[in-house]
Amino acid sequence: MKILSEHPATNLKRSSKTIAVILRRATPSAWFGAAIIFLYVLVAIFASHIAPYGETEVVSSVPYGPWTQQTFLGTDQLGRDVFSRLIFGARNTIGISLAATMITFVVGVSLGITAAVLGGSVDMVVSRIVDAIMALPQLVVILVMLSVVGSSVFNLIILIGIAGATNVFRLARSVSLNVTVMDYVEDARMRGESLVWIVFREVLPNILPTLVAEFGMRFCFVVLTISALSFLGLGIQPPTADWGAMVRESATLISYGDVTPLLPAAAIAVLAIGVNFVVDWFLHCASGLRDDH
Amino acid sequence: MHAILTTIFERLAMAVLTLLIVSVLIFSSVALLPGDFAKAVLGQSATPATVIAFEQQIGLDRPATERYFDWLAGAVRGDFGNSFASRPGAERRVVDIIGPRLRNTLTLAGLTAAIAIPLAISLGLLAALWRNSWYDRIINAATLTTISVPEFFVAYVLILLLAVKFPVFRSLSTVRPNMGMVETVENLALPVLTLTLVIIAHMMRMTRAAIIGVLGSPYVEMAKLKGVSPLKIVLRHALPNALAPIASVVAFNLAYLIVGAVIIEVVFVYPGIGQALVDAVRTRDVPVVQACALLFALTYIFLNLIADLIAIGTNPRLMHPR
Amino acid sequence: MIIDPKAQEVLLNIIDLQIEAEADDGWHPIVNGLSLTLRRGEVLGLIGESGAGKSTIGLASMGFTRPGCRIAGGQVIFNGSDLLKLPKRQLRSFRGTRIAYVAQSAAMAFNPARRILDQTVETAVNDMARPRKEANANALDLFRELQLPDVEQLAHRYPHQVSGGQLQRAMTAMAMSCRPELIIFDEPTTALDVTTQVEVLAAIRKVVAEHNTAAIYITHDLAVVSQMADRVMVLRHGKEVEQAPTREMLSSPRDAYTKSLWSVRQMHKPAEPRQDVVLEIRNIDATYGRGAIKVLDNVSVSVPRGRTLAIVGESGSGKSTLARVVTGLLGPSAGNILFNGVALPPVLKSRTSEQLRQIQLVYQSADTALNPRQRVRDLVGRRLELYFGMAGREKERRVGELLDMVELGSRYVDRFPGELSGGQKQRISLARALAAKPELMICDEITSALDQIVQGEILKLLTRLQRATNVTYMFITHDIATVKTISDEVVVMNRGKVVQQGPKDSVLSPPYPDYTERLLRSVPEIDPDWLNRLLAARQ
């Protein structure tokens, strides 16, 4: 058995981390990612103040117009300003994705931790059901459900939210299982603590780092899923501005060498890259893997 | 030996059970269809008589359980019934619609897998071997970027660069039944390239992570203390113990190639099964949706079963119990 | 073992070694200017508490540091070459062939996915280019020398199929396979049962002597080091405290710290007779795996109030399982338990809050027993809230009192467990249990994961607490010395059965039942000839 050291200094990885220490270890890519996220969030919140034109406002009679001073990035197939629609797309996409991710997490995390804590037959039954749902790839599940209920914003948020909850359930359950074997959880049971206490006060605080990282990754995935659905025509319906739909609408321009379709696609890409850089750095920090020989 | 056979059998039974549960889910989700979907299929101006005839045709007048077992029995035989797009006199069987599409998707998936999987694992091994070097950092940033961007972005950029600006490949991938090998490869070059880029990043990162995870084990430290060279440590000590998570991620990506490549199929207008599903969803063509969903589930479950079996096979505690 | 140290040449010369470890706020020194000399065939014992740097120094003797550590200065001269200045490839060629390492846990040091023989000959085949057949035969010979049973069969097994003691000897064979000049033994028997330890110690000593290998033997156990080493060096905070030939060190230690290490084993508490009974365990059977494995077989124990009952046994004896049955975590398949004369519901769920309060369990490893995301105030105070409905200032005051009782003080109230040392964490565990004002405290190996000096302090604290509160202890342990120190009555368990129980003095003096005798004889004593005598007696 391992003998505990009497000197806290040699229990290196266990000291509590302060903000200052975390900031000192941030890498350039993490700063880059954080800056991107910050920028996007600003744009999303202040969309109506920043965009020169309205979301569905037709500003030109020329479809697919050139890049001018009034219309920075040209116009789309109905003569609307592409730049403004990109900005409103930020608000719509980020808003919807955030809502769906939060549903995913609330449902997935509480079920996951509870299954790990209760164990036994409850855990087995819930896990089997989740395994069955996960036997279908997420996109397919969403497509099938969409064919049934239709593509409204509300439906999209709920469907994508629930579909993602299965992955988060698995993750929350698996990291919780590492915690539930600890003696302090057994101690809580021996005190007679309620299930709610054990899940939220004993287990949850110890798995937060993993969950935070997963939140970031899930958010990215949701953004990509919504864009993919809109690209296929099954996601956010016109005239609401959405990056995926904008790519679809201008797709044919690519064959003429026009980069317009790449603009909304790039908007998605940059946001996802930013979030992933931050999450990657966070995971690197939390795992504490150092240079070795 | 006996214990492993039991485990394998258990896993197989679980897989079949899961498939059955999934089939019920697929079937019943469609049973939730809102009432006037008949009109959505036939058109708003359909007469009541046509609607009733249609509903009779697709059997909505029979109880759900009977319909389910009929469907399941047919599915096992390979007969998924008729598409909703069929009309009396112009029947279109689901199998005829999906069959060729499935073949196309499998061709695309097969070509991509043959290139991407060996490449991803080798690159991942190298990244683990040379961790924290410049090579590793660049690869890390590059793969992080690739998995972050939407697939249509990669697809359109490649089209722009390799089909429009520098016409090397074709931007539309048509496939005819009697095409020769060379022509097929030429036509499919861009979609294969796109898909390769998309899945290589994921598999490479997971391979690297799995091996580095194992490199933190005490027996790897012991190997270092025995003076084993870094290459041998990665190949003979780390890799055997990392096979399970690597198999898992390969299975996941294989499934993606068959199931999730729908975006690529749409961009390159490639007649694959993903596109078939999307079209069917749009036209509410229920039998096709059900058939596609069931096939996808089968693929996914089967691939996960293989990954699971590899995990069992590489675990000596399970293979050689005390 | 050698006769005239001066006649042999110097094999290893460490000069002014400095090693640093990385923490969040920079690099801290953990080894501070250490020097040592080792001659061919000589065995040096490195002894000290955890955190003293023994493992780090042992690894540095091979030119190796763990991630998070770096060598900041000094020289490690092995047979004329400074290992710290060699190019990597050459250093690698030394390892395994000329200097070998035996780790603490063989189970963790062997690759679970490869067979034992394969790993044992790996270095010989790769680095010394011996043909495989020869290397295999050689390895099997070594296995036989180390007294492993069925060597042909064992060699083709996987690590998990073999017991801990056998695996440890296999690791020693692996280290010896290239006939190295120096082997570093890093606490090789710490994780083993006392009765298994004897075999491994004998095997190691024999093989090292026969091949005239030099060795550094690292341990925290004085009795063990006195069997194995020619010379002993005491370490503290990465520095040398004292160094002397073994017999001299044992008979006349000079430094106060060294003497304090010795004194722990001399504590004795006179046993007090019992008054009444607080807990009566009657004919308990318990099983795991749906009745497949019986872990407790007709166990009956009576626990005297206000006294300390020690339950002693090796791993697999069922002592911890008994604790789980008493606390209600595991339901017995037969038998019952009376607490204060009243039948105790077998399972946790059916017990009242009052019953839960009166029996408290303290765990072995405070690392896993305290929630790392809760502060001391909440850890200690929760039972006050739950059982006594305390809140606010009243709770704060009581938490302070409890911390005083365990000799810590209220300035620790805001700390997280990660900021405390092993002994401090264990005191918090005790304070937490005391908060419930229990009648019975079950201590499950609570000192086994602590350094020897800290063990002594905790045992003294326990005795003081008992005198103040008249609490009853069920003290579970595998360590006979602890039993002698703290208990009034003793229960000896083996393979789920009670072998013997009674007042301490009668259990620990002859005549003994067979198992008790074997157990007591296997405990190493601080006497260099103990192992020799034991082995001689066996013949």
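The values are calculated or read from the model by the stated rules, or taken from the named source; none is laboratory data. Being a predicted model, the structure only gives us computed values, none of them experimental. We place every Cβ from the backbone using ideal geometry, glycine too, and count neighbours over all the protein chains shown. When the accessible area is computed, the model is the full protein with side chains, heavy atoms only, and any ligands, DNA or RNA have been set aside. Shrake-Rupley method; radii C 1.70, N 1.55, O 1.52, S 1.80 Å.
Side notes on the structure shown:
- Charges were assigned to the Cβ only: +1 to each Lys and Arg, -1 to each Asp and Glu. The resulting dipole of the range C:369-486 about its Cα centre is roughly 340 debye.
- Two numbers describe the Cα atoms of the range C:103-171: Rg and Dmax, which are 11.3, 31 Å.
- Simple rule: put +1 on each Lys or Arg Cβ and -1 on each Asp or Glu Cβ in the protein assembly as shown, find the dipole, and look at B:L125, B:L161, A:Y64; the Cα lying farthest toward the positive end is B:L125.
- Computed over the alpha-carbon atoms, chain C gives an Rg to Rh ratio of 0.99, Rh here being the Kirkwood radius from the mean inverse distance.
- Fluctuation leader among A:W67, A:W281, A:W243 - chain A, Gaussian network, Cα springs under 10 angstrom: A:W67
- Average accessible surface area per residue within chain C, 1.4 Å rolling probe, Å²: 39
- Percent of Cα pairs exceeding the 16 Å cut-off, where the set is the range C:248-295: 70
- Rg/Rh for the range A:225-277, where both radii come from Cα atoms and Rh is the Kirkwood radius: 1.01
- Per-q log10 I(q)/I(0), the range C:284-346, q = 0.12, 0.17 Å⁻¹ (Debye; single scatterer per alpha-carbon; no solvent): -0.30, -0.60
- Set of lysines near C:K484 by C-alpha distance (under 27 Å), chain-local residues within fewer than 8 positions excluded: A:K2, C:K259, C:K269, C:K319, C:K425, C:K437, C:K460, C:K497, C:K504
- The A and B chains share an interface that buries close to 3800 Å² of accessible area, total over both sides, probe 1.4 Å.
- Considering only Cα atoms, the convex hull volume of the range B:134-257 works out to 152 Å³ per residue.
- Relative packing of peptides A:112-122, B:67-77, A:37-47 - highest average C-beta neighbours within 10 Å first: A:112-122, A:37-47, B:67-77
- Both the radius of gyration and Dmax for the range C:349-426 are 13.1, 38 Å, in that order, over alpha-carbon atoms.
- Cα gyration tensor shape of the range C:398-539, rounded if a/c is under 1.5, else prolate or oblate by comparing a/b with b/c: prolate
- At the listed q of 0.09, 0.15, 0.16 Å⁻¹, the Debye profile of chain A, built from one uniform point per Cα, gives log10 I(q)/I(0) equal to -0.57, -1.19, -1.28.
- Kirkwood hydrodynamic radius over Cα pairs of the protein assembly as shown, then Stokes diffusion coefficient at 20 °C and 1.002 mPa s, in µm²/s: 63
- Apportionment of accessible area to carbon and sulfur, the protein assembly as shown, percent (1.4 Å): 60
- For the chain pair A and C, buried accessible area totals roughly 4000 Å², probe 1.4 Å, rounded to the nearest 100.
- The residue list C:N283, C:L344, C:S315 was ranked by how far each Cα lies along the charge dipole of the range C:226-379 toward its positive end, using unit charges on Cβ atoms, and C:L344 comes out on top.
- Kirkwood-based shape ratio for the range A:149-291, expressed as Rg/Rh from alpha carbons: 1.14
- Our helix-only sum for chain C, with -39,500 (n - 2.57) per DSSP H run of n ≥ 4 divided by its residues, gives a mean residue ellipticity at 222 nm of -10500 deg cm²/dmol.
- Across all Cα atoms of the range C:431-496, the radius of gyration (one decimal) and Dmax (whole number) stand at 12.1, 36 Å.
- Accessible surface buried by the C/B pair amounts to about 2400 Å², both sides summed, 1.4 Å probe.
- Mean-position separation - Cα centroids, the range C:406-477 and the range A:230-270, in angstrom: 66
- Of all DSSP beta bridges confined to the protein assembly as shown, the antiparallel ones make up roughly 60%.
- Protection proxy ranking of C:270-282, A:207-219 - average other beta-carbon atoms within 10 Å, highest first: A:207-219, C:270-282
- Unit charges on C-beta of K, R, D, E only; dipole of the range A:182-234, Debye: 240
- Ignoring aspartates and glutamates fewer than eight residues from C:K294 along the same chain, the ones with Cα atoms less than 14 angstrom from its Cα are C:D285.
- Shielding by partners - mean other protein chain Cβ count within 10 Å, residues of C:82-91: 1
- Charge dipole of the protein assembly as shown (Cα centre as origin; +1 on each Lys and Arg Cβ, -1 on each Asp and Glu Cβ, all else neutral): 680 debye, rounded to the nearest 20.
- Per-residue packing, averaged as other Cβ atoms within 10 Å, sorts the ranges B:110-122, C:32-44 into the order C:32-44, B:110-122, beginning with the highest.
- Residue mean of other protein chain beta carbons inside 10 Å, A:178-187: 6
- Per-residue mean of C-beta atoms belonging to partner chains within 10 Å, peptide C:368-378: 5
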